[in-house]
Each structure stands twice: as C-alpha cells, then as structure tokens.
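Some notes on the structure that comes next.
The values are calculated or read from the model by the stated rules, or taken from the named source; none is laboratory data. Everything numeric in this text was worked out from a predicted model, so none of it was measured. Using ideal geometry, Cβ is built from the backbone for each residue, glycine included, and neighbour counts are taken over all protein chains shown.
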Amino acid sequence: MWRDRRLRTFGGMTDNGTALITGASRGLGLALARSLAADGWRLVLDARTEADLAAATAQLDPSAVVAVSGDVVSEEHRLALRRAVERFGGLDAVVHNASRLGPSPQPALDAYPLDALRAVYAVNVFAPLRLTQLLLPLLRPGGRVVFVTSDASVEAYDGWGGYGSSKAALDQIAAVLAVEHPELRVYAVDPGDMNTRMHQEAFPGEDISDRPPPEASVPGLREILRGRLPSGRYQARALRAPAGAVR
C-alpha cells in the first residue's frame, strides 16, 4: 500500500473501474471497498487516521489500492486525493461516505452549539462539494458521484436537526449537480440503519445489535456504481428488488 508520495502507475491487472471512497477505514466505506477490491477495482481510500486506514486495508491488494489519510475538511488533503486519482489516470466513481454525527447525545436545535453545527456542515456538506469540484475534470463520461445520505434528511426526528439538515443540504447538492452535469450520474443514497460505530454513538447506551451490518447495504451501492439507474435519490437496501428511485 502506497502513501500519496509513493504512488506509481498500475498496469497488468483487470480494471473494472477506479473509485475514490471517503471514510473507508470502517463501516460502510470499508465494506464497499472490500467488495469492489474483490472485483478488481482500483481504489483511492480516505480516512482521518493513518493507523486505522492502514489496518483496514492491510488485506487488500497493494498494487490496486492507494490509502491517503487525512481530514476531508482540509484543502491540502483534498488536493492529495486528487493527485492520487491523477496517478490512476482518471476516475469512474467517487463515493462521499465520510460523515460527522455531531454531539452525542444529539441536542435539540434550540440548544445546538453553532460551532458544533459548523463542524458537522464542514464534513457533511462543504467537504464533499469541494472534493467533487476538484474531481469533476477527472471523472470519465458516465462517471458516478455518490453522496451517502440518511433518512434523517427527509424525516423530522427529535434531536436530529443538525445531522439531518446537513444531509438534506447534501441531497439538494446531489439533485442540482445532476441537472448541471447530465453527462454524469449523480446519486444521493440512503444506506439505512446499520450496526456501525457512528450509529452507536447516535444512541449512547442502547443496544443496536439488531441493526443490519453495513455489508447489507453494499449490493445496492454496487447497483448504483455498475447499473443503469438514472441520477436520483435511492435507498440502498431497496435496490435488491427491482430498482426504483425514491423521493
């Protein structure tokens, strides 16, 4: 596995696509990375912590994976991700999976610290938009831009005004980007409840072992990445049935 400063040209392998996945050291991002790697995709993977990312990708083919650790809020890090994609020669898909929950337990809006809300929006809205701006020239025709969203973007849950409103903004960014770039396929994808660390942080002290593992949402994401679905908002686990957009 190569850090950004040690990238090289990759050849002699079956290239089923090149994808960049943020938040890939655990949860849904890691589950998707493992699935795509098994099919021969070339991957640029991001996570905040170098040690966590190295451990997560240790079992993946080092000739086809570039791990670039850093915070998606950082412009320097986003530029490093773009350089990694450039070394691969272009991009077929970007999956904006990195997210920030915000304070836990989730505060009501009338008590939500604005500095904390700005931090949530910095990760959940501004970072994926800026990274998309940087990557658009590298996306091949028909490339996929995937924004991982949440049902909290369309449902009014008590205490979820901060995270939910950031994902609602992300939904609208996806919808407008799809109109502005018809040569691409742009998706907002709700993976559903999952048994992940972030989901546990959202429900401190509760047992969430009944939630499906993140792997349960991967087939729907694979359909998004390889199928013929038009741009739109989808529920990942609903795509196991005949595909259809949900609004």
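List of remarks:
- For the residues Ala152, Ala122, Ala127, the requirement of being crowded, with 23+ Cβ neighbours inside 10 Å and assigned to a helix (DSSP H, G or I) singles out Ala127.
- Yes/no for Pro230 being modelled with pLDDT under 95 and either part of a loop (DSSP other than H, G, I, E, B) or in contact with a strand residue (DSSP E or B) (Cβ under 9 Å, 6 or more places away or on another chain) (or both): no
- Annotation for segment 188-199: no member residue is among the β-branched types (Val, Ile, Thr), more than 15 Å from Arg233 (Cα to Cα), assigned to a helix (DSSP H, G or I) and under 17 Å from the mean Cα position of the chain (by Cα).
- Some residue of segment 130-141 being in contact with a strand residue (DSSP E or B) (Cβ under 8 Å, 6 or more places away or on another chain) and hydroxyl-bearing (Ser, Thr, Tyr): yes
- Pairs are defined by a Cβ separation below 6 Å, a sequence spacing of at least 6 or placement on different chains, a first member in segment 65-80 that is under 15 Å from Leu91 (Cβ atoms), and a second member that is of a type in the set (Val, Ile, Thr) and at pLDDT 95 or above; the pairs so defined are Val66/Val44; Ala80/Val68.
- Restricting segment 203-219 to residues that are of a type outside the set (Gly, Ala, Ser) and either exposed (fewer than 10 other Cβ atoms within 10 Å of the Cβ) or on the phi > 0 side of the Ramachandran plot (or both), the residue that is modelled with the highest pLDDT is Asp210.
- Screening Val44, Val72 for residues that are modelled with pLDDT of 95 or more, hydrophobic (A, V, I, L, M, F, W, C), in a loop (DSSP other than H, G, I, E, B) and closer than 14 Å to Ala24 by Cβ leaves exactly one candidate, Val72.
- Cβ-Cβ under 7 Å pairs, at least 6 apart or on other chains, segment 207-219 side more than 11 Å from Met194 (Cβ to Cβ), far side part of a loop (DSSP other than H, G, I, E, B): Ser209/Asn195
- Residues being surrounded by 22 or more Cβ atoms within 10 Å (Cβ to Cβ), touching a residue at least 60 places away in the same chain (Cβ under 8 Å) and within 25 Å of Pro141 (Cβ to Cβ) are represented in segment 29-40 by at least one member.
- Test: Tyr163 is in contact (Cβ under 8 Å) with a residue 12 or more places away in the chain, part of a strand (DSSP E or B) and surrounded by 21 or more Cβ atoms within 10 Å (Cβ to Cβ): no
- Selection status of Asp92, surrounded by fewer than 23 Cβ atoms within 10 Å (Cβ to Cβ), modelled with pLDDT of 95 or more, under 18 Å from the mean Cα position of the chain (by Cα) and more than 17 Å from Ala127 (Cα to Cα): yes
- Comparison of Ala64, Ala19, Ala24 shows that the only residue that is hydrophobic (A, V, I, L, M, F, W, C), within 20 Å of Glu86 (Cβ to Cβ) and in contact with a Lys or Arg (Cβ under 6 Å, 6 or more places away or on another chain) is Ala64.
- When we screen Leu131, Leu109 for residues that are under 21 Å from Leu184 (Cβ atoms) and out of contact with any Ser or Thr (no Cβ under 7 Å at 6 or more places or on another chain), the only hit is Leu131.
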